[in-house]
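Scroll down for the structure; my scribbles are underneath it.
Just so you know, all these numbers are worked out from the coordinates, no wet-lab data involved. On a predicted model such as this, the values are computed, not experimentally measured, just so you know. Counting neighbours? That spans all protein chains shown, and the Cβs are built from the backbone with ideal geometry, glycine included.
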Amino acid sequence: MLVLVTYDVKTTSMTGQQRLRRVAKLCQNYGQRVQNSVFECIVDATEFALLKIKLMEVIDQEQDSIRFYQLGNNYKNKVEHFGVKESLDLEGPLIL
Amino acid sequence: MKRLLNTLYVTQPDIYLSLDGDNIVLLKEQEKVGRLPLHNLESIVAFGYTGASPALMGYCAERNIAITFMTMSGRFLARVIGQSKGNVVLRKKQYLISADESLSVKTARNFIIGKIYNHKWIIERMTRDYPLRINVAEFKEISGQLSSIILDVRACEDLERLRGLEGQAAFSYNKALGQMILQQTDDFYFRSRSRRPPLDNMNAMLSLAYTLLANDMAAALEAVGLDAYVGFLHRDRPGRASLALDVMEELRGVYADKFVLTLINKKIVNKDDFYTKENGAVLMTDEARKKFLAAWQNKKQEKIEHPYLGEKISWGLVPHAQALLLARYLRGDLDEYPPFLWK
């Protein structure tokens, strides 16, 4: 299934910037970055659970927020893209 | 059932594959040209000569992602395999059978039955779908010949004779294969199989399709804990994945041949996609290989019902299903190996 992960991490302090980098790195391990703090992850239920647990460990619930949008397996007709930074279709033919 | 993950094909020879976290990063002259999470992949096929980082190879070996290196022309160079998976008992059983001709033949003949049966149904389907465009009488005759060879194979107790029967069946089928090309017949024809090098367009595509299929098959066998190099029908030879070639026999027709025919008959490829070298070898252009691989990936996603398991799976999982059934047979859970009988 496709899960959209978006986050806001408060970066006014040093630790905030650290958290931001960690969150980005974690998300990147599970999916691809489509916009600055927006990731599209194609994961199964286990991987999704893992990702959630790991992210919860990193963020500071007082200052940051993370949102997960579950788009299911038939996500292809739910996503439209305009403009620059076309993303890779991870389930289509991958030929480089 | 296992989930079918994606395969990454790298067709540019100057791309280096490296690892970053759980991502594969593709570098071209130190520039990043792509990055994708590895958990979406089950294999990586690289054409050309630049390599992959040891860290990436280690990561993939641990997580059962197959990396295969090929030359630009699609000839197999190397495959990265990690620690042997599965159990020794199963592999010992495999070696035991392989060492004994009379035991080998019992398994080997089921591969061949599957192969001939599938060839027969390709031919029967053609007579049903295109009665006006092919020579129906000849096709029916070939189909009849194949039916009678299947009966001989069923009773065959000798490996040499089995190979003879297979050759006979292949000869009959090859006569029909050329006639199944319905479009662009000036540029695509099939007279006989030529390899190393392939000498015409059709053979060039068949070679690539068989190589891809053999890699998928070998990876599937390794995944269930079998040794892809120890075969029953194909004898041992260094560097040859004999068991993969064995199990692949039954899929050659329905998987690879039909795929190539579709490319021609739907005009997905045309004569401009090929060029001839001085030694007569026919190769696909880089663009054509991309089209070929894209179509191959799409074919893998297509769903069929597995005739033995009765479950809907994608074509790409058929090698895995067959590997699983073979392992079950070797363990003694099944009385006979059930070949993939397509209809």
message = Can you return the lysines within cross-link range of B:Lys120? Criterion is Cα-Cα under 20 Å, with same-chain partners fewer than 8 residues away left out.
response = B:Lys140, B:Lys175, B:Lys258, B:Lys343
ask   = Roughly how many whole Å is it from the C-alpha centroid of the range A:58-87 to that of the range B:116-147?
value = 52 Å
request  = Set the Förster distance to 41 Å, then compute FRET efficiency between A:Thr11 and B:Asn64 from the Cβ-Cβ distance, nearest 0.05.
outcome  = 0.60
task = May I have the extent of the alpha carbons of the range B:23-102 along their three principal axes, as whole Å values ordered from largest to smallest?
result = 56, 28, 19
ask   = In nanometres, what is the gap between the two model label sites at B:Arg191 and B:Asp158, each 7 Å from Cα along Cα-to-Cβ?
value = 3.4 nm
ask   = So between B:Asp22 and B:Arg125, what do we pick up on full extension, going 0.36 nm a residue minus the alpha carbon distance?
value = 32.5 nm
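Taking all pairs of distinct Cα atoms, average 1/r, flip it, and tell me the Kirkwood hydrodynamic radius of the range A:12-74 in Å to one decimal place.
For the range A:12-74, the Kirkwood estimate is 12.5 Å.
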Simple spin-label estimate for A:Lys54 and B:Ala294 in nanometres, 7 Å along Cα-Cβ = 3.2 nm
request  = First check a/c for chain B, with a ≥ b ≥ c the square roots of the eigenvalues of its C-alpha gyration tensor; if it is under 1.5, answer rounded, and if not, answer prolate when a/b is larger than b/c or oblate otherwise.
outcome  = oblate
task = Return the FRET efficiency for the residue pair B:Leu90, B:Asp236: r is the Cβ-Cβ distance, R0 is 22 Å, and the value is rounded to the nearest 0.05.
result = 0.75
task = Quickly estimate the mean residue ellipticity at 222 nm for chain B, helices only: each DSSP H run with n ≥ 4 gives -39500 (n - 2.57), and the total goes over all residues, rounded to 500.
result = -15500 deg cm²/dmol
request  = Compute the normalised compactness of the range B:260-343: alpha-carbon radius of gyration over 2.2 N^0.38 Å, N being the residue count.
outcome  = 1.52
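State to the nearest 20 debye the size of the charge dipole of chain B about its Cα centre, where the only charges are +1 on K and R beta carbons and -1 on D and E beta carbons.
300 debye
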ask   = How long, wide and thick is the protein assembly as shown, going by the Cα atoms along their three principal axes, in whole angstroms, largest first?
value = 80, 52, 40
ask   = How do the peptides B:331-338, B:315-322 rank, highest first, by the average count of neighbouring beta carbon atoms within 10 Å per residue?
value = B:315-322, B:331-338
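Given a Förster distance of 25 angstrom, what is the FRET efficiency for A:Asn77 paired with B:Ser53, based on the Cβ-Cβ distance and rounded to 0.05?
Efficiency computed from Cβ-Cβ geometry: 0.10.
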key: Contour excess over end-to-end distance, with Cα ends at A:Ser65 and A:Lys85 and 0.36 nm allotted per residue   = 4.7 nm
task = Name the shape class, rounded, prolate or oblate, that the alpha-carbon gyration tensor gives for the range B:148-232, where a ≥ b ≥ c are the square roots of its eigenvalues, rounded holds for a/c under 1.5, and otherwise prolate holds if a/b is larger than b/c and oblate otherwise.
result = oblate
